[in-house]
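S.K.: Mind looking over this structure? Questions follow.
Nothing in this text is a laboratory measurement; each read-out follows from the coordinates by a stated rule. Here the structure is a predicted model, which is why all the values come from computation and not from measurement. Quick reminder, even Gly has a Cβ in these numbers, built from the backbone with ideal geometry, and neighbours come from all protein chains shown.
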4 protein chains.
Amino acid sequence: MAGNTFGTLFRVTTWGESHGPASGVVIDGCPPGIELTEEIIQQELDRRRPGKGGGASPRQEPDRVEILSGTFRPEGEDCELTTGTPISLIIFNKDAHSKSYDHLQNVFRPGHGDMTYQAKYGIRDHRGGGRASARETAARVAAGAVASQLLRAHNIEVNGYTLALGGVRAEGRDMAAISQNPLFCPDNEAARRMEERINEVRSQGDTLGGIVEICATCPPGLGEPVFDKLDGELARALMSIGAVKGVEIGAGFRVAEMLGSENNDPLSPAGFLGNNSGGILAGISNGEDLVMRVAVKPIPSIPREQQTVNLANEPVTIKVGGRHDISAIPRIVPVCEAMVRLVLADHLLRQLVLVANRTAVSGNASTENG
Amino acid sequence: MAGNTFGTLFRVTTWGESHGPASGVVIDGCPPGIELTEEIIQQELDRRRPGKGGGASPRQEPDRVEILSGTFRPEGEDCELTTGTPISLIIFNKDAHSKSYDHLQNVFRPGHGDMTYQAKYGIRDHRGGGRASARETAARVAAGAVASQLLRAHNIEVNGYTLALGGVRAEGRDMAAISQNPLFCPDNEAARRMEERINEVRSQGDTLGGIVEICATCPPGLGEPVFDKLDGELARALMSIGAVKGVEIGAGFRVAEMLGSENNDPLSPAGFLGNNSGGILAGISNGEDLVMRVAVKPIPSIPREQQTVNLANEPVTIKVGGRHDISAIPRIVPVCEAMVRLVLADHLLRQLVLVANRTAVSGNASTENG
Amino acid sequence: MAGNTFGTLFRVTTWGESHGPASGVVIDGCPPGIELTEEIIQQELDRRRPGKGGGASPRQEPDRVEILSGTFRPEGEDCELTTGTPISLIIFNKDAHSKSYDHLQNVFRPGHGDMTYQAKYGIRDHRGGGRASARETAARVAAGAVASQLLRAHNIEVNGYTLALGGVRAEGRDMAAISQNPLFCPDNEAARRMEERINEVRSQGDTLGGIVEICATCPPGLGEPVFDKLDGELARALMSIGAVKGVEIGAGFRVAEMLGSENNDPLSPAGFLGNNSGGILAGISNGEDLVMRVAVKPIPSIPREQQTVNLANEPVTIKVGGRHDISAIPRIVPVCEAMVRLVLADHLLRQLVLVANRTAVSGNASTENG
Amino acid sequence: MAGNTFGTLFRVTTWGESHGPASGVVIDGCPPGIELTEEIIQQELDRRRPGKGGGASPRQEPDRVEILSGTFRPEGEDCELTTGTPISLIIFNKDAHSKSYDHLQNVFRPGHGDMTYQAKYGIRDHRGGGRASARETAARVAAGAVASQLLRAHNIEVNGYTLALGGVRAEGRDMAAISQNPLFCPDNEAARRMEERINEVRSQGDTLGGIVEICATCPPGLGEPVFDKLDGELARALMSIGAVKGVEIGAGFRVAEMLGSENNDPLSPAGFLGNNSGGILAGISNGEDLVMRVAVKPIPSIPREQQTVNLANEPVTIKVGGRHDISAIPRIVPVCEAMVRLVLADHLLRQLVLVANRTAVSGNASTENG
């Protein structure tokens, strides 16, 4: 019950079905005084927009975000600012073809949540995947844009990119390249080969998986011991994206074959001499860049015939047509960034409590002494 | 702030430092009427006990758990039962050598949380790692044993085992073997080679990482959409264990190179024909076994000289002696099981709300009709 | 930070400012299969509508609610049902006169949150009280209507009424009268005198307080020990309504002068012989009617000259004109009902966990024995 | 389920039954660097100790608190300080006579939670009231002492006292008197008459109720809009004390008969000219003293014959002997203070987030400009 809220202090609640009138998000806990306009949020949403290459489907969602509450432009300010009250964002749905899903009403598509939603709730809105649609991530990206405004004021930047797609892997990390190819890949040559692979697989009626890497600058001290460790929170946030089946931090699964003497990052007065830890020690950020990678499964909607069952548990075959992407990459990249931002915004605020208390207590002490 | 509680309905709060007088856990939300004794919990704790082979350190913690509240034996019952009130468990520390940590007081051990705790809190109990010690996981295992009693009543079983250690990988999954070797490995021959590798590395003053796999039976319908997806919760739970640097579900990172037609698990009237999903679709269990793997980093405490800094940020070298294991495996296996049990107990209770409401509403309806 | 969400399992998040484009609420955790239409919610909203007598202001808000997500009409059903996913409700603002608040931009109205919002956030939307406006309660009433649908399926009914207004007190509890006078008063004669008092005070440019009583049928077992006691939760819910300054349960403040032998409600096989407890013992419902009363302060907006300060902390005088009611009663009555419903819906779901577990465990046990 | 935790950032979880081996509390979220010793906590516990006059029972609980985790004395410091990790406090039970409760095992005492615990859980520890015993409040007082240390560093002080007992009411507020009489009454003459009333009622085998008032200094800005209003949180906290049946803030129930022009507190450059609001406007503290009152019901355990039922729902009569107080006052006074402290500590930390963010953001801005 009630799994649609994320965060403790920077709290985000999303709502909406793929083919309902709208979807949206309420952000509660964003501090006041932060510049926020629809244009700022729209920029992030546009990065997630389909139809921009990379095996994308032709569905042209305008995805115009509107701010319904939580900002105000005081007299004399040249911009809308957050007020500290809940920020409600809405995206009206315009380009949904519900009719095209009628034949799926009583059939469970393999690899989708059709069967599990039915098992859980005994009822489901089958149109376009209903609540389980990737469309839900638009609200996350919008919320992530708000988090981004807060993080920016604290010099925290988050960047995601495509590390691998369909077996093609980026060789290096040429950050300039990310905005030069439609796949957000830090290796333009690899991006070219990924596109080739996409075209090949499209003609075969199949889909592709890949790997996204996300980096973030981060001050030391973020994350809470034991259960709310920063890496745990990041893992949960990223694994909560539908297509993600694995998450690793720093050296990740490679640690299984490393020696302690190889894996430990030595410290020097200038900082850590290595980042196998991915910027996190004992669940708390150490000041190095946070580095994480996620495994993205191939889109389960394929126009090939698949074996499945219907609501009556009878065997049927199915071809999932419609307007589908070949890979969740690159559209998933801004979603990954958004989730990391939501985690960092929340933990930044949690850590500010300690910072403020230290200042207040020591200030108070010096007043008493003075 | 306040990251020591886990769960929404089955809520677990742990406390305690490595060298304090005791550590423990409070479990709030365990339903009443469940059989629970100290012996039941002790059995699980004993599985985590060091000194039982597998490169374990000679520190002989008795780790005797005591139940301080939450159980009662009503007249006529032959066993103590939970009462629905908080269950407080305590483990007194007996074998702690605080003095042996005095030289570490002002030095940050590489790979440990020393530097990050200092950055976060400005103060830390350096003895034995303080709160960041692996000793904290004893409380998790104790809580997991309580969860296990609840899950058993719902026919849910969780089993963890060593899949790889120091580069040696189990070939198959011989479940009978798990209790036959001290490494909880489902391949006795691989276990033998893992032991060899441990001995080799011990003589070199180094440590080893590995991979643990956890399987669980699970009814369909557990997990909540969007942010509280079952896989997200499992990832967070497992990543919250200190040594874990990666988590994957089902096919995990292999999905990056798979085609949609390979990765989709077809459905048949008898169930799914494959389990690449690891038992979870759209964040909700589908009735197949849950399957997850975690990457375990090598123990960072090594008796080799390492480069680091002290509290004054001056360069120093350090050798971390003391009584340390060569690998977090196998002691981490019961901890992984415990975390999975805590997630499943919580989500089982969350799902029971829906089940009960359906029953109540339909019962009510039929009463009105009848 | 982040105080706009209510409930643990039946979770309600409201948003919106008085003079923004809209306000609304997201309900997460409502079980699936519950009949829900805009008409059902609108009926409750209409009860809260101003301009229906009782000293109400002439502002004619249409307050049309729209359901944006969380319901679906499956083939073959004759009504929309909840699906278990978040229910998003929106009410667009139509009749807001922002300009009329321009002169209040830099002045703190006595009895309002102007000064405290400024102190807390350093910025505020002054128009119509911004987030602190009573308009926010429309979203609560809408959410309460959803809770009401759930509670009805469990035979729980909540009724509020005016017990006192401007010093005039209802003599008895004639429940039929409540819908016969515009003040929701269970005593038509008292209602008549209350109206007289309202007219008298209106001509003096002043406002009135009163007392609302709320009754609810409730099965035994709702409420959690210690901090989440049912009476504590009800007190918080009711005190979270802007105008409420006191809450009492059962005999309430009268217990201060009672003897134990008077206050204790004896038990008989047919139930309790008295209800001084107001239906709650040790924080858990006992099966008797829940009875609570709230003290409602006079509306602070009065057209009389009052002493106050401006943003620069300079002394100024103010007359608060505009379209204001003479008393928060009766419009607050449906808001009180809504808050009680939200508490009961949440605690009903929490209790269902225990009910379901008992059934499941005993069913399991009997299977094992059989 | 799971109602034994209080607070969002300053989180307190209590556990323990009246006649179990111990009771205790875990405090998660207390900032580091705060002086904390067992002596500091013990002082507060001693104020709650029975047998110090005021109609107290002769049960002599030593109630010695022990700190099990969360504090550390760094080299060079002259006192133990909190470390930011969970503070676990334990109080072992020593003077419990379980046998004296055997005859109550199957009978529901009127005015107690016996019937409701049985209805909720289907099992209960009947000895001494089990979890519902007032003994549970010792853990709250201990936690409140920790909160008090944090609040003191921010110049927040909380004071409770007896305003009325058995119909006798304190005339004024002579704060010096509070520590001069065993009833914590700010009117020594009234205290003398209260003692007379206690003796009178004791001889009649009956018990008494009363009113406690709590005052607190508080900076402006504490409390969150809408559902987490400071008055709502205080009401919940105070109503969660077993014997409390009513809570009011500032003018409280008197507002029902006041005019708006009487009730509004005018503002002046030197502050508010009145405190009918009790220091809270729109749910946020305004800088004036917080003022609240609670109605305390008479102790339900009376040695008179009362009508009730047993587990089989058969009519029986009962006399509740044992070692019981005549009134929950004055022992409830430190419990009220503790609950107010827990609320203020939590909301102080929540407000520090805003303070710190404002500082950080403006500091950051000036750096960029500079």
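S.K.: Give the nm distances, rounded to one decimal, from C:Ser179 to the matching residue in every other copy, measuring between label points 7 Å along Cα toward the beta carbon; shortest first.
M.R.: Its label point is 6.1, 6.4, 6.6 nm from the equivalent points in the other copies.
S.K.: How many angstrom lie between the C-alpha centres of region B:330-363 and region B:272-319?
M.R.: 24
S.K.: Between C:Arg64 and A:Asn155, what's the calculated FRET efficiency when r is the beta-carbon distance and R0 is 45 Å? Round to 0.05. Don't jump to the answer; show the numbers that get you there.
M.R.: On the way: r = 45 Å, r/R0 = 1.00.
Calculated transfer efficiency: 0.50.
S.K.: I've got another one for you. Put +1 on the Cβ of every Lys and Arg and -1 on every Asp and Glu Cβ in chain A; which of A:Gly24, A:Ala134, A:Thr162 then has its Cα farthest towards the positive end of the dipole?
M.R.: Ranked along the dipole, the leading option is A:Ala134.
S.K.: Only Cα pairs under 8 Å and at least 6 apart count here; give the relative contact order of region D:263-306 as a rounded whole percent.
M.R.: 24
S.K.: Suppose you put the label 7 Å out from Cα in the Cβ direction; list, shortest first and in nm with one decimal, how far B:Glu157 is from each other copy's label.
M.R.: 5.1, 5.3, 6.4
S.K.: For region A:212-229, take each phi angle, set θ = phi - 60°, evaluate the Karplus expression 6.51 cos²θ - 1.76 cosθ + 1.60, and give the result in whole Hz per residue in order, putting x for glycine and proline.
M.R.: Running phi through 6.51 cos²θ - 1.76 cosθ + 1.60 with θ = phi - 60° gives 10, 10, 10, 10, 8, 6, 6, x, x, x, 7, x, 10, x, 6, 8, 9, 4 Hz.
S.K.: Hey, what's the per residue convex hull volume over the C-alpha atoms of region B:72-180, in cubic angstrom?
M.R.: Roughly 229 Å³ of hull volume per residue.
S.K.: Next question. Counting other beta carbons within 10 Å of each residue's own, what order do C:Thr217, B:Thr137 fall into, fewest first?
M.R.: Exposure proxy ranking, most exposed first: C:Thr217, B:Thr137.
S.K.: So, in Å, what gap is there between the alpha-carbon centers of region A:231-257 and region D:133-204?
M.R.: Taking the Cα centre of region D:133-204 as reference, the centre of region A:231-257 is 54 Å away.
S.K.: Which value, in debye to the nearest 20, describes the size of the charge dipole of chain C about its Cα centre when Lys and Arg Cβ atoms bear +1, Asp and Glu Cβ atoms bear -1, and nothing else is charged? It would help to have the intermediate numbers written out before the result.
M.R.: Numbers: 37 positive and 45 negative charges, 245 e Å.
Its charge dipole is roughly 1180 debye.
S.K.: Another one. Just want to confirm a number: the relative contact order over chain A, from Cα pairs under 8 angstrom separated by 6+ residues, in percent.
M.R.: Relative contact order, chain A: 20 percent.
S.K.: Could you give the C-alpha radius of gyration of chain B expressed as a fraction of 2.2 N^0.38 Å, taking N as the number of residues it contains?
M.R.: The reported ratio for this selection is 1.06.
S.K.: Could you list the residues of region C:258-291 with an amide nitrogen less than 16 Å from a label point located 7 Å from the Cα of D:Glu314 in the Cα-to-C-beta direction?
M.R.: C:268-270
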